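A quick write-up on the structure given underneath.
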């Protein structure tokens with residue numbers, strides 16, 4: 001499956017993906033990954049910095065779902081595919097280089113692996129807030145106000 005330009009934009013802008021895996025016992029595991037990024041037009045990836053559970057789950061079941069949603073306008077995508085874990089070699093080195101090029105100061109000593117996900121299926125995530133005719137500006141206004149109320153210390157402008 002090819003990632004559309006909009007899918008790539010959302011992932012690039014948000015950088016935070018919620019990765020769902022399944023434990024060997026069949027239990028769900030959901031873990032936020034702040035390094036979620038586009039690898040190319042068929043793959044997403046993230047760095048395993050503090051993801052021992054996610055990586056262990058992938059050893060027994062490579063299927064993942066990654067949700068990336070803009071929390072302000074409440075739209076995004078869910079991506080499904082199979083993951084491969086790279087602890088060394090060209091993909092690992094390329095992942096480190098991409099992190100450094102993006103401004104990350106997380107060093108090789110903290111990146112245990114690079115997880116590359118071949119996307120096989122994707123679909124849009126759209127909040128029910130739009131069901132009543134709201135537009136992105138309406139939804140953004142509501143959620144920006146909500147976050148400003150939650151974090152008044154961040155309102156220094």
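The values are calculated or read from the model by the stated rules, or taken from the named source; none is laboratory data. Quantities reported herein were computed from a predicted structural model and do not represent experimental measurements. Here the Cβ positions follow ideal geometry from the backbone for every residue, glycine too, while neighbour counts run over all protein chains shown.
Of the candidates 63, 143, the single residue that is within 22 Å of residue 11 (Cα to Cα) and not assigned by TED's automatic domain parsing to the domain that holds residue 26 is 143.
Of the numbered criteria (1) touching a helix residue (DSSP H, G or I) at 6+ places or on another chain (Cβ under 9 Å); (2) part of a helix (DSSP H, G or I), the one residue 54 fails is (1).
Of all the numbered requirements in (1) surrounded by 15 or more Cβ atoms within 10 Å (Cβ to Cβ); (2) under 19 Å from the mean Cα position of the chain (by Cα), residue 71 misses one, and that requirement is (1). For beta carbons closer than 6 Å, sequence separation of 6+ or different chains, a first residue in region 107-136 that is over 21 Å from residue 68 (Cβ atoms) and a second that is in a strand (DSSP E or B), the qualifying pairs are 112/48. If you go through region 83-91 one residue at a time, do you hit one that is free of Cβ contacts under 8 Å to residues at least 60 places away in the same chain, on the phi > 0 side of the Ramachandran plot and in the same structural domain as residue 30 (by TED's automatic domain parsing)? Looking through region 83-91, at least one residue is free of Cβ contacts under 8 Å to residues at least 60 places away in the same chain, on the phi > 0 side of the Ramachandran plot and in the same structural domain as residue 30 (by TED's automatic domain parsing).
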